[in-house]
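Taking it in order: structure first as structure tokens, then the write-up.
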Amino acid sequence: MMQYRRFGRTELPMPIFSCGGMRYQYKWQDVPQNQIPPNNQQNLENTIRRSLECGINHIETARGYGTSEMQLGEILPKLPREKLIVQTKVSPSADPQEFQSKLQQSLEFLQLEYIDLLGIHGINTLEILHNSIRPGGCLDVARKFQIQGQVRFIGFSTHGPTDVIVKTIETNQFDYVNLHWYYINQNNWPAIEAANHFDMGVFIISPSDKGGKLYQPPQKLVDLCYPLSPMVFNDLFCLSHPQVHTLSLGASQPTDFDEHLKTIELLDRADEILPSILARLEQEAIAQLGENWFQTWDIGLPSVEETPGNINIPVILWLRNLAIAYDMLEYSKMRYNLLGNGSHWFPGANAEQLEKYDLTKCLANSPHAEKIPDILQDTHKLLGGKSVERLSKS
């Protein structure tokens, strides 16, 4: 039986799982409707119907997800509108007219009189925040659609650093936030607390994919999370915090909901189930990394902007920790080789060009300053490989 949580000031009863729409579409680029294979469209429609059967009535997509909106527009208008919560997201632009035309395209593709939630997609830097909220900017455009009744609530999505997310929340201009937060990356907790302070809805992006490729977990992680699967453990960890309202499930087929649904009956027992698993995970990380490194590795690390060559030291060390502690090698390689190709969605460079730069000054505040350059070099040998592009660019 699905559970629902109040989605902040929107007052929407949000299912604790949402049906994310970036994995079942035909292509990452717009194509004419008649080029979409019938079997692909049928799979998408079957996935949506299965989602609704499970009580997951929040359907979430974006203008940047290729044919997703167009394909959803073939089924959503046939469903009882009052039972749906539909969200799409549109990337902001320095030119608000460009944002307006993309939003208009989204609405036309979805074939709905209104959408419940509009996210300004990717407020990842202070410059993008400025372009979004300045007078006459993208937020003002979104407000016009809201006044016309085509948009009910306006939020934002972000892959940005915590301080940018908090600044965006503190403008008090948004009703909800889509952000990253899960067991292996809890950096954004201050942003979740800020969102709760401003009574915003909190939507967790990609807890099973960006949260560790948990649909293909290494055996070590499976053993450490027993008796739960890593996916159910992570769901339960996230949802044991009432400040979190919903987790996005990027379903690619109707059966992709099944494992997640096992979490629901465990929610009332999270306090008795989670502590032993959390303790095992911490103990193993300490055993593999050393207690001093485990407790202090992230202290005093420079930001990408403060680092020669824009090397993303915090992310590189974090990925190394995951690979060594939990055998999360495939996940760490995927994310590591995205560095340099992720723009503001996953900023900074990997350590390939490390030998060109002197990191002494930028590491001055780290207790591990002397050994970090060697660790970065070793990490590149461990994780380096073929560069990876963001899904929407592939």
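The values are calculated or read from the model by the stated rules, or taken from the named source; none is laboratory data. Not measured: the values here are computed from a predicted model. Note that each Cβ is placed from the backbone with ideal geometry, even for glycine, and that neighbours are counted across all protein chains shown. Each accessible area value is taken on the protein alone, full model and side chains, heavy atoms only, with ligands, DNA and RNA left out. Shrake-Rupley method; radii C 1.70, N 1.55, O 1.52, S 1.80 Å.
Estimated at 0.36 nm per residue, the fully extended path between H344 and E127 surpasses their Cα-Cα distance by 77.0 nm. Here the scattering of the stretch 101-234 is modelled by Debye summation over its C-alpha atoms, one equal scatterer each and no solvent; at q = 0.10, 0.13, 0.14, 0.15 Å⁻¹ the log10 of I(q)/I(0) is -0.41, -0.64, -0.71, -0.79. Run the helix sum for the chain: -39,500 (n - 2.57) per DSSP H stretch of 4+ residues, divided by residue count, reported at 222 nm to the nearest 500 deg cm²/dmol. It lands at -11500 deg cm²/dmol. About the centre of its Cα atoms, the stretch 238-376 shows a dipole size close to 320 debye [charges on the beta carbon of Lys, Arg (+1) and Asp, Glu (-1) only; nearest 20 debye].
In order along the stretch 277-293, the phi-based Karplus estimate (6.51 cos²θ - 1.76 cosθ + 1.60, θ = phi - 60°) of 3J(HN,Hα) comes to 5, 4, 5, 4, 4, 5, 4, 5, 4, 5, 4, 8, 9, x, 5, 4, 5 Hz; Gly and Pro are listed as x.
Building the convex hull from the alpha-carbon atoms of the stretch 238-281 and averaging its projection over directions returns 3.9 nm².
Computed across the stretch 108-166, the Kirkwood hydrodynamic radius from all distinct Cα-Cα pairs reaches 12.2 Å. The angle separating the long axis of helix 372-383 from the principal Cα axis of greatest extent in the chain is about 60 degrees. Note on E291 and I147: their simple-model spin labels are 6.2 nm apart, each label 7 Å out from Cα toward Cβ. Measuring r between the beta carbons of R269 and D95 and using R0 = 45 Å, the FRET efficiency lands at 0.30.
Along the stretch 255-267 the Karplus relation, 6.51 cos²θ - 1.76 cosθ + 1.60 evaluated at θ = phi - 60°, assigns HN-Hα couplings of 6, 5, 7, 4, 5, 4, 4, 5, 5, 4, 6, 9, 4 Hz to successive residues, with x for each Gly and Pro. Each 5 Å bin from zero up to the one holding the largest Cα-Cα distance in the stretch 257-375 carries the following percent of pairs: 2, 10, 16, 17, 17, 14, 10, 7, 5, 2, 0.
May I ask which residue of P373, L339, L354 lies farthest towards the positive end of the charge dipole of the stretch 337-376, with charges of +1 (Lys, Arg) and -1 (Asp, Glu) on Cβ and the Cα centre as origin? Ranked along the dipole, the leading option is L339. Between the amide H of I85 and those of H58, I59, distances stay under 5 Å, these residues lying 5 or more places away or on another chain, with hydrogens modeled in the peptide plane. With all protein chains kept in place, the per residue accessible area of the stretch 101-172 amounts to 41 square angstrom at a probe of 1.4 angstrom.
Computed over the chain, the range of Cα coordinates on each principal axis works out to 60, 48, 44 Å, biggest value leading.
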